[in-house]
Amino acid sequence: MKVKKTRPSDGVIINNIFTFATIVMISITIVLYTTFIVEKKTKLLPKLDCEKDISTFVRVNDKTILKKSIKALNNGYYKIEGSILKAQKNSKITKIITIEEINKIFKDYIKTPPKKNLEKFLKIKYEIIENDLDSTAKLNAGSIMTSFRINSKEIFFIKTDIKFLYNNAIKENIQCAIKVYDNYVKNY
(Lines give C-alpha, C1' and ligand atoms only; values in the text may rest on other atoms or scores of the structure.)
Protein backbone atom coordinates (compact mmCIF):
# COMPACT_ATOMS: atom_id res chain seq x y z
CA MET A 1 0.00 0.00 0.00
CA LYS A 2 1.34 3.33 -1.02
CA VAL A 3 1.06 6.35 1.18
CA LYS A 4 -0.12 9.36 -0.66
CA LYS A 5 1.79 12.57 0.10
CA THR A 6 -0.47 15.50 0.72
CA ARG A 7 0.40 19.08 1.17
CA PRO A 8 -0.93 20.97 4.17
CA SER A 9 -4.07 22.91 3.62
CA ASP A 10 -3.96 26.65 3.00
CA GLY A 11 -5.54 27.29 6.41
CA VAL A 12 -2.71 25.51 8.24
CA ILE A 13 -0.07 27.45 6.29
CA ILE A 14 -1.73 30.81 7.03
CA ASN A 15 -2.12 29.83 10.70
CA ASN A 16 1.60 28.99 10.95
CA ILE A 17 2.58 32.31 9.32
CA PHE A 18 0.42 34.31 11.75
CA THR A 19 1.78 32.33 14.73
CA PHE A 20 5.36 33.04 13.65
CA ALA A 21 4.60 36.76 13.09
CA THR A 22 2.96 36.98 16.55
CA ILE A 23 6.00 35.42 18.24
CA VAL A 24 8.33 37.87 16.46
CA MET A 25 6.19 40.91 17.44
CA ILE A 26 5.98 39.83 21.10
CA SER A 27 9.75 39.27 21.20
CA ILE A 28 10.44 42.73 19.76
CA THR A 29 8.00 44.30 22.23
CA ILE A 30 9.67 42.61 25.21
CA VAL A 31 13.15 43.69 24.09
CA LEU A 32 12.05 47.31 23.57
CA TYR A 33 10.18 47.39 26.89
CA THR A 34 13.08 46.05 28.94
CA THR A 35 15.59 48.30 27.16
CA PHE A 36 13.81 51.64 27.21
CA ILE A 37 10.90 51.60 29.66
CA VAL A 38 11.79 49.49 32.69
CA GLU A 39 14.04 51.30 35.18
CA LYS A 40 17.26 49.53 35.87
CA LYS A 41 17.70 48.57 39.50
CA THR A 42 20.35 50.51 41.30
CA LYS A 43 23.34 48.68 42.63
CA LEU A 44 22.95 47.89 46.30
CA LEU A 45 26.01 48.19 48.44
CA PRO A 46 26.50 46.21 51.62
CA LYS A 47 25.16 48.15 54.58
CA LEU A 48 27.58 49.95 56.84
CA ASP A 49 27.46 49.30 60.58
CA CYS A 50 25.68 52.59 61.21
CA GLU A 51 22.99 51.66 58.64
CA LYS A 52 22.29 48.42 60.48
CA ASP A 53 21.45 50.36 63.65
CA ILE A 54 19.48 53.14 61.90
CA SER A 55 16.70 52.72 59.35
CA THR A 56 17.97 54.33 56.12
CA PHE A 57 16.74 54.94 52.58
CA VAL A 58 19.24 55.88 49.86
CA ARG A 59 18.71 57.16 46.31
CA VAL A 60 21.45 57.91 43.77
CA ASN A 61 20.31 60.18 40.95
CA ASP A 62 23.53 60.75 39.01
CA LYS A 63 26.38 58.31 39.39
CA THR A 64 28.97 60.23 37.34
CA ILE A 65 28.51 63.53 39.18
CA LEU A 66 28.40 61.65 42.49
CA LYS A 67 31.92 60.34 41.85
CA LYS A 68 33.20 63.88 41.14
CA SER A 69 31.35 65.54 44.03
CA ILE A 70 33.70 64.18 46.69
CA LYS A 71 36.49 66.42 45.35
CA ALA A 72 34.35 69.49 46.00
CA LEU A 73 33.58 68.28 49.52
CA ASN A 74 37.20 67.44 50.37
CA ASN A 75 38.45 70.79 49.03
CA GLY A 76 35.90 72.89 50.92
CA TYR A 77 33.70 73.75 47.92
CA TYR A 78 30.44 73.09 49.73
CA LYS A 79 27.68 74.91 51.54
CA ILE A 80 25.34 73.58 54.19
CA GLU A 81 21.70 74.57 54.25
CA GLY A 82 19.29 73.16 56.78
CA SER A 83 15.92 73.44 58.40
CA ILE A 84 13.93 71.91 61.22
CA LEU A 85 10.31 70.88 60.86
CA LYS A 86 8.85 70.90 64.36
CA ALA A 87 6.11 68.62 65.63
CA GLN A 88 2.70 70.29 65.74
CA LYS A 89 2.14 69.35 69.38
CA ASN A 90 4.67 69.48 72.21
CA SER A 91 7.74 70.21 70.09
CA LYS A 92 11.01 69.62 71.92
CA ILE A 93 13.53 69.74 69.08
CA THR A 94 14.57 73.38 69.50
CA LYS A 95 15.39 72.69 73.15
CA ILE A 96 17.63 69.79 72.09
CA ILE A 97 19.57 71.22 69.13
CA THR A 98 19.83 74.31 66.91
CA ILE A 99 20.58 74.79 63.22
CA GLU A 100 24.01 76.22 64.10
CA GLU A 101 24.86 73.13 66.16
CA ILE A 102 23.76 70.84 63.33
CA ASN A 103 25.85 72.78 60.82
CA LYS A 104 28.84 72.46 63.18
CA ILE A 105 28.30 68.66 63.34
CA PHE A 106 28.45 68.50 59.55
CA LYS A 107 31.55 70.70 59.33
CA ASP A 108 33.36 68.86 62.14
CA TYR A 109 32.73 65.47 60.55
CA ILE A 110 33.72 66.62 57.04
CA LYS A 111 36.92 68.08 58.59
CA THR A 112 37.44 70.60 55.76
CA PRO A 113 35.94 74.02 56.46
CA PRO A 114 33.75 75.43 53.68
CA LYS A 115 35.26 78.20 51.58
CA LYS A 116 33.59 81.62 51.43
CA ASN A 117 32.05 83.41 48.42
CA LEU A 118 31.69 80.39 46.15
CA GLU A 119 29.97 80.46 42.78
CA LYS A 120 30.11 76.71 42.12
CA PHE A 121 29.76 74.37 45.05
CA LEU A 122 28.24 71.19 46.43
CA LYS A 123 25.17 71.99 48.49
CA ILE A 124 24.39 69.75 51.43
CA LYS A 125 20.74 70.34 52.18
CA TYR A 126 19.19 68.71 55.22
CA GLU A 127 15.86 68.75 57.00
CA ILE A 128 15.24 67.40 60.47
CA ILE A 129 11.64 66.32 60.92
CA GLU A 130 10.24 65.90 64.42
CA ASN A 131 7.30 63.51 64.60
CA ASP A 132 4.31 64.04 66.87
CA LEU A 133 4.88 61.51 69.62
CA ASP A 134 1.17 61.49 70.48
CA SER A 135 0.46 59.59 67.29
CA THR A 136 0.53 55.82 67.81
CA ALA A 137 1.34 55.32 64.12
CA LYS A 138 4.81 56.86 64.49
CA LEU A 139 7.49 54.42 65.55
CA ASN A 140 10.31 56.96 65.46
CA ALA A 141 10.82 60.33 67.10
CA GLY A 142 11.78 61.84 63.75
CA SER A 143 13.99 61.63 60.70
CA ILE A 144 16.77 63.45 58.91
CA MET A 145 16.63 63.89 55.14
CA THR A 146 19.94 64.88 53.59
CA SER A 147 20.56 65.59 49.93
CA PHE A 148 23.74 66.44 48.11
CA ARG A 149 23.16 68.79 45.15
CA ILE A 150 25.13 70.43 42.40
CA ASN A 151 23.52 73.29 40.45
CA SER A 152 20.21 72.57 42.22
CA LYS A 153 20.28 69.02 40.84
CA GLU A 154 20.06 66.35 43.49
CA ILE A 155 22.75 63.71 42.99
CA PHE A 156 22.43 61.77 46.26
CA PHE A 157 19.67 61.50 48.86
CA ILE A 158 19.58 59.72 52.20
CA LYS A 159 16.84 59.57 54.81
CA THR A 160 17.62 58.26 58.28
CA ASP A 161 15.13 57.67 61.08
CA ILE A 162 15.74 58.86 64.63
CA LYS A 163 14.42 56.47 67.28
CA PHE A 164 14.83 58.83 70.21
CA LEU A 165 15.16 62.57 69.92
CA TYR A 166 18.35 63.60 71.70
CA ASN A 167 21.54 65.39 70.67
CA ASN A 168 23.77 62.32 70.25
CA ALA A 169 21.18 60.47 68.14
CA ILE A 170 21.01 63.40 65.74
CA LYS A 171 24.81 63.59 65.63
CA GLU A 172 25.08 59.83 64.91
CA ASN A 173 22.51 60.08 62.10
CA ILE A 174 24.34 62.98 60.46
CA GLN A 175 27.66 61.13 60.68
CA CYS A 176 26.01 58.01 59.26
CA ALA A 177 24.57 60.01 56.33
CA ILE A 178 28.04 61.32 55.44
CA LYS A 179 29.59 57.85 55.82
CA VAL A 180 26.96 56.36 53.50
CA TYR A 181 27.53 59.17 50.98
CA ASP A 182 31.28 58.52 51.10
CA ASN A 183 30.70 54.76 50.75
CA TYR A 184 28.54 55.28 47.65
CA VAL A 185 31.11 57.64 46.14
CA LYS A 186 33.88 55.07 46.57
CA ASN A 187 32.03 51.84 45.78
CA TYR A 188 29.02 52.57 43.56
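Derived scalar couplings between HN and Hα for the stretch 152-159 equal 6, 9, 6, 10, 8, 9, 9, 10 Hz in order, rounded to whole Hz, by the Karplus curve 6.51 cos²θ - 1.76 cosθ + 1.60 (θ = phi - 60°), x for Gly and Pro.
Which of Thr34, Pro8, Val60 sits farthest toward the positive end of the charge dipole of the chain, with +1 on the Cβ of Lys and Arg and -1 on the Cβ of Asp and Glu? Positive-end residue among those listed: Pro8.
Assigning unit charges at the beta carbon (Lys, Arg +1; Asp, Glu -1) and nothing else, what dipole magnitude in debye, to the nearest 20, does the chain show about its Cα centre?
It comes to approximately 860 debye.
Once the chain from Ser9 to Ser27 is taken as fully extended at 0.36 nm per residue, the excess over their C-alpha distance is 3.7 nm. The mean accessible area for residues of the chain, using a 1.4 Å probe and ignoring ligands and nucleic acids, is 70 Å² per residue. Distance between the modelled labels on Asn167 and Lys71, one decimal in nanometres: 3.9 nm (7 Å Cα→Cβ projection). Note that the stretch 89-188, at 10 °C in a medium of 1.306 mPa s, gets a Stokes-Einstein diffusion coefficient of 108 µm²/s from its Kirkwood radius over C-alpha pairs. In a simple Cβ point-charge model (Lys, Arg +1; Asp, Glu -1; nothing else charged), the stretch 128-182 has a dipole of about 200 debye relative to its Cα centre. A 1.4 Å probe, protein heavy atoms only, puts the accessible area of Ile80 near 40 Å². What's the angle, to the nearest 10 degrees (0 to 90), between helix 63-74's Cα axis and the longest principal axis of the chain? Computed tilt is about 20 degrees. Using a probe of 1.4 angstrom, how much of the accessible area of the chain is carbon and sulfur, in percent? That fraction is 56 percent.
Looking at the stretch 22-153 only, what percent of DSSP beta bridges run antiparallel? Nearest 5 please.
Close to 55 percent.
Summarising the amide proton neighbourhood of Asn61: residues at separation of 5 or more, or on other chains, whose placed amide H is nearer than 5 Å comprise Phe156, Phe157.
Dipole size of the stretch 56-150 about its Cα centre, with +1 on Lys/Arg Cβ and -1 on Asp/Glu Cβ: approximately 520 debye, rounded to the nearest 20. Under the criterion of Cα pairs below 8 Å and six or more residues apart, the relative contact order for the chain equals 24 percent. Packing-based ranking of 51-57, 8-14 yields 51-57, 8-14, ordered from highest to lowest mean Cβ neighbour count within 10 Å. Modelled spin labels at Lys2 and Lys153, positioned 7 Å past Cα toward Cβ, are 7.8 nm from each other. Looking at the chain, the pairs of alpha carbons with a distance over 23 Å make up 56% of the total.
The values are calculated or read from the model by the stated rules, or taken from the named source; none is laboratory data. Just so it is clear, the structure is predicted and the values come from calculations on it, not from any experiment. We place every Cβ from the backbone using ideal geometry, glycine too, and count neighbours over all the protein chains shown. In case anyone asks, the SASA skips ligands and DNA or RNA and just uses the protein heavy atoms, side chains included. Shrake-Rupley method; radii C 1.70, N 1.55, O 1.52, S 1.80 Å.
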